[in-house]
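Structure, as C-alpha coordinates:
The values are calculated or read from the model by the stated rules, or taken from the named source; none is laboratory data. Since this is a predicted model, take the numbers as computed values, not measurements. Positions of Cβ are generated from backbone atoms using ideal geometry, with glycine treated the same way; all protein chains shown enter the neighbour counts.
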(Lines give C-alpha, C1' and ligand atoms only; values in the text may rest on other atoms or scores of the structure.)
Protein backbone atom coordinates (compact mmCIF):
# COMPACT_ATOMS: atom_id res chain seq x y z
CA UNK A 1 0.00 0.00 0.00
CA UNK A 2 3.02 2.33 -0.26
CA UNK A 3 1.28 3.85 -3.26
CA UNK A 4 -1.25 5.54 -0.95
CA UNK A 5 1.03 5.96 2.10
CA UNK A 6 1.19 9.76 1.98
CA UNK A 7 -2.57 10.08 2.21
CA UNK A 8 -3.04 7.17 4.63
CA UNK A 9 -0.92 8.99 7.24
CA UNK A 10 -3.47 11.82 7.29
CA UNK A 11 -5.60 11.45 10.43
CA UNK A 12 -8.76 12.00 8.33
CA UNK A 13 -7.93 9.00 6.13
CA UNK A 14 -5.92 6.15 7.64
CA UNK A 15 -6.24 2.52 6.52
CA UNK A 16 -9.98 2.74 7.09
CA UNK A 17 -10.34 5.75 4.79
CA UNK A 18 -8.27 4.05 2.12
CA UNK A 19 -10.59 1.04 2.34
CA UNK A 20 -13.55 3.39 1.84
CA UNK A 21 -11.89 4.74 -1.31
CA UNK A 22 -11.28 1.21 -2.61
CA UNK A 23 -14.94 0.35 -2.11
CA UNK A 24 -16.30 3.64 -3.51
CA UNK A 25 -18.32 3.73 -6.73
CA UNK A 26 -18.30 7.12 -8.46
CA UNK A 27 -20.11 8.04 -11.68
CA UNK A 28 -18.71 11.00 -13.62
CA UNK A 29 -20.98 12.52 -16.25
CA UNK A 30 -19.06 14.46 -18.87
CA UNK A 31 -15.41 14.23 -19.87
CA UNK A 32 -14.89 17.85 -20.81
CA UNK A 33 -12.75 20.40 -18.97
CA UNK A 34 -14.14 19.53 -15.52
CA UNK A 35 -14.12 15.76 -16.08
CA UNK A 36 -10.56 15.74 -17.44
CA UNK A 37 -9.36 17.64 -14.36
CA UNK A 38 -11.09 15.61 -11.69
CA UNK A 39 -10.85 12.09 -13.16
CA UNK A 40 -7.08 11.53 -12.85
CA UNK A 41 -7.09 12.66 -9.20
CA UNK A 42 -9.99 10.35 -8.33
CA UNK A 43 -8.19 7.47 -10.04
CA UNK A 44 -4.84 8.30 -8.41
CA UNK A 45 -6.40 8.32 -4.92
CA UNK A 46 -7.33 4.67 -5.23
CA UNK A 47 -11.09 4.98 -5.78
CA UNK A 48 -12.02 1.44 -6.73
CA UNK A 49 -14.86 1.84 -9.19
CA UNK A 50 -15.48 4.60 -11.65
CA UNK A 51 -18.10 5.06 -14.35
CA UNK A 52 -17.68 7.63 -17.13
CA UNK A 53 -20.65 8.78 -19.22
CA UNK A 54 -20.07 10.79 -22.38
CA UNK A 55 -21.43 10.26 -25.90
CA UNK A 56 -19.28 13.04 -27.30
CA UNK A 57 -16.13 12.72 -29.39
CA UNK A 58 -12.90 14.70 -29.07
CA UNK A 59 -12.59 17.83 -31.22
CA UNK A 60 -9.50 19.93 -31.77
CA UNK A 61 -11.08 22.88 -29.92
CA UNK A 62 -11.28 20.69 -26.76
CA UNK A 63 -7.56 20.07 -26.45
CA UNK A 64 -6.54 23.34 -24.74
CA UNK A 65 -8.46 22.35 -21.61
CA UNK A 66 -9.33 18.66 -21.83
CA UNK A 67 -5.92 17.39 -20.83
CA UNK A 68 -6.58 13.65 -21.04
CA UNK A 69 -6.67 13.93 -24.83
CA UNK A 70 -4.01 14.39 -27.49
CA UNK A 71 -4.01 15.03 -31.24
CA UNK A 72 -4.50 11.32 -31.81
CA UNK A 73 -7.75 11.44 -29.81
CA UNK A 74 -9.56 13.69 -32.29
CA UNK A 75 -12.70 11.99 -33.58
CA UNK A 76 -12.63 9.28 -30.90
CA UNK A 77 -15.06 8.87 -27.99
CA UNK A 78 -13.98 11.03 -25.06
CA UNK A 79 -15.00 8.40 -22.51
CA UNK A 80 -12.90 5.72 -24.20
CA UNK A 81 -9.90 8.00 -24.62
CA UNK A 82 -10.13 8.96 -20.95
CA UNK A 83 -10.28 5.28 -20.02
CA UNK A 84 -7.03 4.54 -21.90
CA UNK A 85 -5.25 7.32 -20.01
CA UNK A 86 -6.70 6.38 -16.61
CA UNK A 87 -6.13 2.61 -16.94
CA UNK A 88 -2.51 3.34 -17.59
CA UNK A 89 -2.38 5.76 -14.65
CA UNK A 90 -3.75 3.32 -12.06
CA UNK A 91 -4.75 -0.16 -13.24
CA UNK A 92 -6.29 -0.90 -9.82
CA UNK A 93 -9.25 1.34 -10.61
CA UNK A 94 -12.09 -0.53 -12.27
CA UNK A 95 -13.39 1.82 -14.98
CA UNK A 96 -16.60 1.36 -16.94
CA UNK A 97 -17.31 3.71 -19.83
CA UNK A 98 -20.70 4.54 -21.31
CA UNK A 99 -20.27 6.14 -24.75
CA UNK A 100 -23.76 7.54 -24.71
CA UNK A 101 -25.47 10.67 -23.46
CA UNK A 102 -27.36 10.71 -20.21
CA UNK A 103 -31.11 10.57 -20.88
CA UNK A 104 -34.26 10.10 -18.83
CA UNK A 105 -34.27 6.52 -20.13
CA UNK A 106 -30.81 5.49 -18.92
CA UNK A 107 -30.20 7.81 -15.93
CA UNK A 108 -31.91 5.88 -13.13
CA UNK A 109 -30.43 2.53 -14.10
CA UNK A 110 -26.94 4.05 -14.29
CA UNK A 111 -27.20 5.97 -11.03
CA UNK A 112 -28.31 2.84 -9.14
CA UNK A 113 -24.88 1.29 -9.75
CA UNK A 114 -22.95 4.11 -8.06
CA UNK A 115 -22.72 5.90 -4.69
CA UNK A 116 -21.79 9.41 -5.82
CA UNK A 117 -22.70 11.25 -9.02
CA UNK A 118 -20.37 13.93 -10.38
CA UNK A 119 -21.84 16.51 -12.73
CA UNK A 120 -19.11 17.57 -15.16
CA UNK A 121 -21.47 18.48 -17.99
CA UNK A 122 -21.92 21.77 -19.80
CA UNK A 123 -25.67 22.06 -20.19
CA UNK A 124 -28.32 23.24 -17.76
CA UNK A 125 -30.98 20.84 -19.08
CA UNK A 126 -28.77 17.82 -18.33
CA UNK A 127 -28.00 19.25 -14.89
CA UNK A 128 -31.72 19.18 -14.02
CA UNK A 129 -31.91 15.59 -15.27
CA UNK A 130 -28.90 14.65 -13.10
CA UNK A 131 -30.52 16.40 -10.16
CA UNK A 132 -33.86 14.68 -10.55
CA UNK A 133 -32.37 11.23 -11.17
CA UNK A 134 -30.05 11.72 -8.16
CA UNK A 135 -33.03 12.59 -5.97
CA UNK A 136 -35.02 9.57 -7.20
CA UNK A 137 -32.12 7.18 -6.59
CA UNK A 138 -31.03 8.85 -3.33
CA UNK A 139 -27.48 9.70 -4.46
CA UNK A 140 -25.50 12.84 -3.62
CA UNK A 141 -24.29 14.76 -6.63
CA UNK A 142 -21.27 16.98 -6.82
CA UNK A 143 -21.85 20.00 -8.99
CA UNK A 144 -19.33 22.20 -10.72
CA UNK A 145 -19.73 24.69 -13.54
CA UNK A 146 -17.98 27.67 -14.99
CA UNK A 147 -18.72 30.99 -16.66
CA UNK A 148 -15.49 32.37 -18.11
CA UNK A 149 -13.22 32.84 -15.04
CA UNK A 150 -15.89 32.23 -12.40
CA UNK A 151 -16.74 28.78 -11.12
CA UNK A 152 -19.56 27.43 -8.98
CA UNK A 153 -19.26 24.33 -6.80
CA UNK A 154 -21.81 22.67 -4.55
CA UNK A 155 -23.01 19.27 -3.37
CA UNK A 156 -26.69 18.53 -3.84
CA UNK A 157 -28.98 15.90 -2.34
CA UNK A 158 -26.36 15.09 0.29
CA UNK A 159 -28.07 13.27 3.17
CA UNK A 160 -31.41 14.49 1.85
CA UNK A 161 -30.11 18.07 1.72
CA UNK A 162 -31.00 20.85 -0.75
CA UNK A 163 -30.91 20.09 -4.47
CA UNK A 164 -30.07 22.03 -7.62
CA UNK A 165 -33.76 22.88 -7.95
CA UNK A 166 -33.66 24.50 -4.47
CA UNK A 167 -30.83 26.71 -5.73
CA UNK A 168 -32.09 27.42 -9.26
CA UNK A 169 -35.75 26.37 -9.55
CA UNK A 170 -36.27 27.25 -13.19
CA UNK A 171 -34.65 25.62 -16.23
CA UNK A 172 -33.11 28.22 -18.53
CA UNK A 173 -30.13 27.73 -20.80
CA UNK A 174 -27.19 30.11 -20.30
CA UNK A 175 -23.95 30.37 -22.30
CA UNK A 176 -21.63 27.32 -22.25
CA UNK A 177 -17.82 27.29 -22.67
CA UNK A 178 -18.27 27.12 -26.44
CA UNK A 179 -20.19 30.40 -26.41
CA UNK A 180 -18.63 32.26 -23.48
CA UNK A 181 -15.00 31.10 -23.76
CA UNK A 182 -12.90 29.47 -21.05
CA UNK A 183 -9.30 29.04 -19.95
CA UNK A 184 -8.10 25.49 -19.25
CA UNK A 185 -6.58 26.36 -15.87
CA UNK A 186 -9.83 27.96 -14.68
CA UNK A 187 -12.01 24.96 -15.49
CA UNK A 188 -9.27 22.71 -14.10
CA UNK A 189 -9.41 24.46 -10.72
CA UNK A 190 -13.16 24.03 -10.49
CA UNK A 191 -12.89 20.36 -11.49
CA UNK A 192 -10.40 19.77 -8.68
CA UNK A 193 -12.70 21.46 -6.18
CA UNK A 194 -15.34 18.93 -7.22
CA UNK A 195 -12.84 16.08 -6.81
CA UNK A 196 -12.12 17.34 -3.28
CA UNK A 197 -15.84 17.21 -2.41
CA UNK A 198 -16.01 13.64 -3.77
CA UNK A 199 -13.13 12.66 -1.44
CA UNK A 200 -14.86 14.35 1.53
CA UNK A 201 -18.11 12.50 0.89
CA UNK A 202 -16.36 9.12 0.57
CA UNK A 203 -14.22 9.69 3.67
CA UNK A 204 -17.14 11.04 5.67
CA UNK A 205 -15.35 14.23 6.72
CA UNK A 206 -17.30 17.23 7.96
CA UNK A 207 -18.09 20.42 6.06
CA UNK A 208 -19.25 18.87 2.78
CA UNK A 209 -20.48 21.76 0.58
CA UNK A 210 -24.13 20.90 1.09
CA UNK A 211 -26.55 23.81 1.33
CA UNK A 212 -23.72 26.09 0.25
CA UNK A 213 -22.79 27.46 -3.15
CA UNK A 214 -19.10 28.23 -3.51
CA UNK A 215 -18.17 30.86 -6.07
CA UNK A 216 -14.53 31.07 -6.99
CA UNK A 217 -13.19 33.78 -9.26
CA UNK A 218 -10.02 32.41 -10.83
CA UNK A 219 -9.04 35.83 -12.16
CA UNK A 220 -9.24 37.79 -8.90
CA UNK A 221 -8.45 34.73 -6.71
CA UNK A 222 -11.43 35.55 -4.53
CA UNK A 223 -14.07 33.23 -3.24
CA UNK A 224 -17.45 33.52 -1.68
CA UNK A 225 -19.90 31.09 -0.10
CA UNK A 226 -23.66 31.49 -0.14
CA UNK A 227 -26.09 29.53 2.03
CA UNK A 228 -29.33 28.08 0.70
CA UNK A 229 -31.87 25.75 2.21
CA UNK A 230 -34.08 22.93 1.07
CA UNK A 231 -37.32 23.91 -0.61
CA UNK A 232 -39.79 21.37 0.73
CA UNK A 233 -42.36 22.37 -1.90
CA UNK A 234 -40.28 20.77 -4.65
CA UNK A 235 -41.22 17.15 -5.18
CA UNK A 236 -39.48 14.96 -7.74
CA UNK A 237 -41.38 11.84 -8.77
CA UNK A 238 -40.86 9.16 -11.43
CA UNK A 239 -43.90 10.52 -13.27
CA UNK A 240 -42.33 13.99 -13.28
CA UNK A 241 -39.11 12.59 -14.72
CA UNK A 242 -41.03 10.89 -17.53
CA UNK A 243 -43.02 13.95 -18.55
CA UNK A 244 -40.26 16.50 -18.00
CA UNK A 245 -37.63 14.84 -20.16
CA UNK A 246 -39.29 12.33 -22.41
CA UNK A 247 -42.70 13.08 -23.84
CA UNK A 248 -42.13 16.67 -24.83
CA UNK A 249 -38.90 16.03 -26.67
CA UNK A 250 -39.75 12.85 -28.49
CA UNK A 251 -43.51 12.85 -28.77
CA UNK A 252 -44.12 11.13 -32.11
CA UNK A 253 -45.71 13.07 -34.91
CA UNK A 254 -48.50 11.60 -37.08
CA UNK A 255 -47.48 11.30 -40.72
CA UNK A 256 -49.05 13.40 -43.48
CA UNK A 257 -47.75 13.67 -47.02
CA UNK A 258 -47.52 17.47 -46.75
CA UNK A 259 -44.80 17.04 -44.12
CA UNK A 260 -42.45 15.83 -46.83
CA UNK A 261 -42.21 19.34 -48.25
CA UNK A 262 -40.30 20.34 -45.15
CA UNK A 263 -38.96 17.11 -43.65
CA UNK A 264 -36.68 14.41 -44.95
CA UNK A 265 -37.34 10.84 -43.76
CA UNK A 266 -34.79 8.73 -41.89
CA UNK A 267 -35.28 4.97 -41.55
CA UNK A 268 -33.28 3.75 -38.54
CA UNK A 269 -34.17 0.05 -38.96
CA UNK A 270 -31.45 -2.40 -39.90
CA UNK A 271 -31.02 -2.80 -43.65
CA UNK A 272 -32.35 -6.36 -43.66
CA UNK A 273 -35.71 -5.43 -42.09
CA UNK A 274 -38.84 -5.34 -44.24
CA UNK A 275 -40.79 -3.76 -45.79
CA UNK A 276 -38.29 -1.34 -47.34
CA UNK A 277 -40.13 1.81 -48.32
CA UNK A 278 -40.03 2.77 -51.96
CA UNK A 279 -39.71 6.52 -51.88
CA UNK A 280 -36.84 8.49 -53.31
CA UNK A 281 -36.20 10.75 -50.35
CA UNK A 282 -35.47 8.33 -47.50
CA UNK A 283 -32.12 8.11 -45.76
CA UNK A 284 -31.32 4.65 -44.41
CA UNK A 285 -29.23 5.02 -41.25
CA UNK A 286 -29.59 1.96 -38.97
CA UNK A 287 -29.54 2.86 -35.27
CA UNK A 288 -26.79 0.27 -34.63
CA UNK A 289 -24.43 2.45 -36.61
CA UNK A 290 -26.22 5.77 -36.29
CA UNK A 291 -23.57 7.91 -34.61
CA UNK A 292 -21.00 6.81 -37.18
CA UNK A 293 -23.19 7.69 -40.16
CA UNK A 294 -25.09 10.74 -38.89
CA UNK A 295 -22.35 13.12 -40.05
CA UNK A 296 -23.98 13.13 -43.50
CA UNK A 297 -27.02 14.89 -41.97
CA UNK A 298 -27.51 18.63 -42.06
CA UNK A 299 -28.27 20.35 -38.72
CA UNK A 300 -30.45 22.94 -40.45
CA UNK A 301 -32.58 20.34 -42.22
CA UNK A 302 -35.78 19.00 -40.58
CA UNK A 303 -36.02 15.22 -40.24
CA UNK A 304 -38.74 12.68 -39.45
CA UNK A 305 -37.40 9.43 -38.05
CA UNK A 306 -39.16 6.06 -38.11
CA UNK A 307 -38.54 2.38 -37.34
CA UNK A 308 -40.78 -0.58 -36.48
CA UNK A 309 -42.14 0.17 -32.99
CA UNK A 310 -41.03 3.79 -32.55
CA UNK A 311 -38.48 2.92 -29.87
CA UNK A 312 -35.37 3.20 -32.05
CA UNK A 313 -36.76 6.31 -33.75
CA UNK A 314 -37.11 7.95 -30.32
CA UNK A 315 -33.50 7.04 -29.48
CA UNK A 316 -32.26 8.48 -32.77
CA UNK A 317 -34.19 11.70 -32.13
CA UNK A 318 -32.59 11.99 -28.69
CA UNK A 319 -29.14 11.58 -30.25
CA UNK A 320 -29.88 14.19 -32.91
CA UNK A 321 -31.16 16.63 -30.30
CA UNK A 322 -27.99 16.14 -28.28
CA UNK A 323 -26.04 17.11 -31.38
CA UNK A 324 -28.12 20.28 -31.69
CA UNK A 325 -30.32 19.23 -34.58
CA UNK A 326 -33.08 21.78 -34.22
CA UNK A 327 -36.04 20.13 -35.88
CA UNK A 328 -36.21 16.38 -35.58
CA UNK A 329 -39.23 14.29 -34.67
CA UNK A 330 -40.07 10.62 -34.48
CA UNK A 331 -43.01 9.43 -36.54
CA UNK A 332 -46.02 7.84 -34.89
CA UNK A 333 -46.38 5.25 -37.66
CA UNK A 334 -44.47 2.00 -38.03
CA UNK A 335 -42.59 1.33 -41.26
CA UNK A 336 -45.42 -0.93 -42.46
CA UNK A 337 -48.08 1.72 -41.83
CA UNK A 338 -45.90 4.31 -43.48
CA UNK A 339 -45.49 2.16 -46.57
CA UNK A 340 -49.28 2.03 -47.01
CA UNK A 341 -49.66 5.79 -46.48
CA UNK A 342 -46.91 6.63 -48.95
CA UNK A 343 -48.10 4.10 -51.56
CA UNK A 344 -51.65 5.47 -51.36
CA UNK A 345 -50.67 9.09 -51.55
CA UNK A 346 -51.08 10.27 -55.13
CA UNK A 347 -48.77 13.22 -54.52
CA UNK A 348 -45.90 10.91 -53.78
CA UNK A 349 -46.34 8.48 -56.65
CA UNK A 350 -43.51 9.00 -59.02
CA UNK B 1 -30.18 53.61 2.97
CA UNK B 2 -26.98 52.33 1.50
CA UNK B 3 -26.57 48.81 0.12
CA UNK B 4 -23.78 46.96 -1.71
CA UNK B 5 -24.63 45.03 -4.88
CA UNK B 6 -22.41 42.16 -6.04
CA UNK B 7 -22.72 40.79 -9.57
CA UNK B 8 -21.65 37.39 -10.88
CA UNK B 9 -21.45 35.59 -14.22
CA UNK B 10 -23.06 37.30 -17.20
CA UNK B 11 -24.36 40.07 -14.92
CA UNK B 12 -20.83 41.46 -14.57
CA UNK B 13 -20.79 42.29 -18.28
CA UNK B 14 -24.25 43.82 -18.26
CA UNK B 15 -23.77 45.88 -15.09
CA UNK B 16 -20.21 46.87 -16.00
CA UNK B 17 -18.59 45.91 -12.69
CA UNK B 18 -18.38 43.24 -9.99
CA UNK B 19 -19.61 45.36 -7.16
CA UNK B 20 -21.11 48.75 -6.38
CA UNK B 21 -22.53 50.60 -3.41
CA UNK B 22 -25.78 52.44 -3.94
CA UNK B 23 -28.09 54.74 -2.06
CA UNK B 24 -31.60 53.30 -2.49
CA UNK B 25 -35.13 54.47 -1.76
CA UNK B 26 -36.82 51.07 -1.98
CA UNK B 27 -37.67 49.13 1.16
CA UNK B 28 -37.66 45.47 0.10
CA UNK B 29 -36.05 42.97 -2.28
CA UNK B 30 -38.96 42.85 -4.73
CA UNK B 31 -38.97 46.63 -5.20
CA UNK B 32 -35.21 46.55 -5.68
CA UNK B 33 -35.51 43.85 -8.34
CA UNK B 34 -38.28 45.76 -10.13
CA UNK B 35 -36.19 48.88 -10.18
CA UNK B 36 -33.07 47.08 -11.37
CA UNK B 37 -34.92 45.33 -14.17
CA UNK B 38 -36.43 48.64 -15.27
CA UNK B 39 -33.09 50.41 -15.41
CA UNK B 40 -30.86 47.61 -16.71
CA UNK B 41 -31.14 45.02 -19.51
CA UNK B 42 -31.08 42.01 -17.17
CA UNK B 43 -34.56 40.51 -17.65
CA UNK B 44 -33.26 37.79 -20.01
CA UNK B 45 -30.69 36.55 -17.48
CA UNK B 46 -31.93 34.11 -14.83
CA UNK B 47 -30.51 34.74 -11.37
CA UNK B 48 -31.10 34.21 -7.68
CA UNK B 49 -30.77 36.82 -4.97
CA UNK B 50 -28.73 36.48 -1.78
CA UNK B 51 -28.96 38.94 1.07
CA UNK B 52 -25.89 38.90 3.32
CA UNK B 53 -24.77 35.56 1.85
CA UNK B 54 -28.12 33.79 2.26
CA UNK B 55 -30.25 32.99 -0.78
CA UNK B 56 -33.82 34.18 -0.59
CA UNK B 57 -36.96 32.80 -2.18
CA UNK B 58 -37.86 35.44 -4.76
CA UNK B 59 -41.56 34.78 -4.26
CA UNK B 60 -41.23 36.21 -0.77
CA UNK B 61 -40.10 39.81 -0.63
CA UNK B 62 -37.54 40.52 2.09
CA UNK B 63 -37.11 43.76 3.97
CA UNK B 64 -33.81 45.49 3.20
CA UNK B 65 -31.65 47.14 5.83
CA UNK B 66 -28.90 49.72 5.70
CA UNK B 67 -25.54 48.07 4.96
CA UNK B 68 -27.03 44.93 3.36
CA UNK B 69 -24.93 43.15 0.75
CA UNK B 70 -27.08 41.86 -2.10
CA UNK B 71 -25.60 39.29 -4.50
CA UNK B 72 -27.13 38.50 -7.88
CA UNK B 73 -26.27 34.90 -8.77
CA UNK B 74 -26.97 33.42 -12.21
CA UNK B 75 -26.55 29.70 -12.96
CA UNK B 76 -23.48 28.74 -15.00
CA UNK B 77 -23.41 26.16 -17.77
CA UNK B 78 -19.78 25.71 -18.83
CA UNK B 79 -17.79 22.61 -18.09
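Residues in segment A:210-217: is at least one outside any loop (DSSP other than H, G, I, E, B), over 18 Å from residue B:7 (Cβ atoms) and in the same structural domain as residue A:36 (by TED's automatic domain parsing)? Within segment A:210-217, one or more residues are outside any loop (DSSP other than H, G, I, E, B), over 18 Å from residue B:7 (Cβ atoms) and in the same structural domain as residue A:36 (by TED's automatic domain parsing). Here segment A:125-142 is the region considered, the condition is being under 15 Å from residue A:28 (Cα atoms) and at the interface with chain B (Cβ under 10 Å from one of its Cβ atoms), and the residue that is modelled with the highest pLDDT is A:127. When restricted to residues that are surrounded by fewer than 17 Cβ atoms within 10 Å (Cβ to Cβ), assigned to a helix (DSSP H, G or I) and in contact with a helix residue (DSSP H, G or I) (Cβ under 7 Å, 6 or more places away or on another chain), segment A:251-293 contains 1.
If only residues of segment B:36-52 that are assigned to a loop (DSSP other than H, G, I, E, B) and surrounded by fewer than 15 Cβ atoms within 10 Å (Cβ to Cβ) are counted, the one that is farthest from the other protein chains (Cβ to nearest Cβ) is B:40.
Right, residue A:65: farther than 13 Å from residue A:27 by Cβ, in contact with a strand residue (DSSP E or B) (Cβ under 7 Å, 6 or more places away or on another chain) and not assigned by TED's automatic domain parsing to the domain that holds residue A:288 or not?
When the stated conditions are applied, residue A:65 does not pass them.
Inspection of segment A:187-206 finds no residue satisfying the criterion of being touching a strand residue (DSSP E or B) at 6+ places or on another chain (Cβ under 8 Å), over 22 Å from residue A:61 (Cβ atoms), away from chain B (no Cβ under 11 Å) and not in a helix (DSSP H, G or I).
Looking only at segment B:21-53, residues that are out of contact with any helix residue (DSSP H, G or I) (no Cβ under 8 Å at 6 or more places or on another chain) and closer than 28 Å to residue A:187 by Cβ come to 4 in all. Considering only residues that are under 24 Å from residue A:314 (Cα atoms) and surrounded by fewer than 21 Cβ atoms within 10 Å (Cβ to Cβ), look in segment A:111-123 and name the one that is nearest to the chain's Cα centre (by Cα). Here the answer is A:123.
Exactly one residue out of A:94, A:160, A:88, A:72 is surrounded by fewer than 21 Cβ atoms within 10 Å (Cβ to Cβ) and at positive phi, and it is A:160. For segment A:70-80, what are the residues that are within 16 Å of residue A:98 (Cα to Cα) and free of Cβ contacts under 8 Å to residues at least 24 places away in the same chain? Selection gives A:76, A:77, A:80.
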